[in-house]
Amino acid sequence: MSLLDRDSTRAASAQQHPRRKSIMRFLRTVPFPVVFWLLLSGHFEPLLLALGALSVAVVCWLMRRAGLDHQSVTVAFALRLPRYFLWLSGQVLVATYAVVRKVWSPRPDLRPVVESTPAAHLPELSQVVYANSITLTPGTLSLDIEADHIEVHSLERAGVDELREGRMLSRVRRTEARR
């Protein structure tokens, strides 16, 4: 059998067995939630392992229903996330301090604004990470995600201006890079 015949046989097999492709995609999705669950739980009793398997199956099913099972999350991307979350935690602490100082001052000078911040050319997963990072940072809230921008509510203009400077966006892009 020639190489050309083998390729055409595989293509025909993939068309005849779309369920097989779906199952393979599901099996590629499973390892990350399994490892995540095992790391967080640390329990190896039969009942808890069975409940863990059930929870992983539900998570994988939900990912499939949400269309996230086709997103390829590489090991390199997963390893860059903790560094990003560590940086984000620092930003959350700094923003928390600034918001508390502002709100608890004798005469709070809050001037809320709703504006958009650029988010062009970001893959879907990075847009979600960026929007959630904005929401996690005290004083700012993501209202809507569009293809090229994110609508943001901020307690003051400085929050939106800081986002427009692009430090958080560049961190998200670096985390996404070479995914």
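The values are calculated or read from the model by the stated rules, or taken from the named source; none is laboratory data. What you see is a predicted model, and the numbers here were worked out from it, not measured in a lab. Virtual Cβ from ideal backbone geometry, glycine too; neighbours counted across all protein chains shown.
Residue-by-condition table, conditions (1) in contact with an Asp or Glu (Cβ under 9 Å, 6 or more places away or on another chain); (2) over 14 Å from E162 (Cα atoms):
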residue	(1), (2)
R83	no, yes
Y97	no, yes
K102	yes, yes
S105	no, yes
P112	yes, yes
A120	yes, yes
V128	no, yes
I134	no, no
G139	yes, no
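For beta carbons closer than 7 Å, sequence separation of 6+ or different chains, a first residue in the range 89-104 that is in the same structural domain as R171 (by TED's automatic domain parsing) and a second that is in a helix (DSSP H, G or I) and surrounded by 11 or more Cβ atoms within 10 Å (Cβ to Cβ), the qualifying pairs are V92/L136. Residues that are assigned to a helix (DSSP H, G or I), surrounded by 16 or more Cβ atoms within 10 Å (Cβ to Cβ) and modelled with pLDDT under 95 are absent from the range 103-124 altogether. Every listed requirement among (1) outside any helix (DSSP H, G or I); (2) surrounded by 15 or more Cβ atoms within 10 Å (Cβ to Cβ); (3) of a type outside the set (K, R); (4) touching a Leu at 6+ places or on another chain (Cβ under 6 Å) is met by S133 save one, (1). Identify the residue in the range 136-147 that is small (G, A, S) and part of a loop (DSSP other than H, G, I, E, B) and, among all such residues, is farthest from the chain's Cα centre (by Cα). In this case the residue turns out to be G139.
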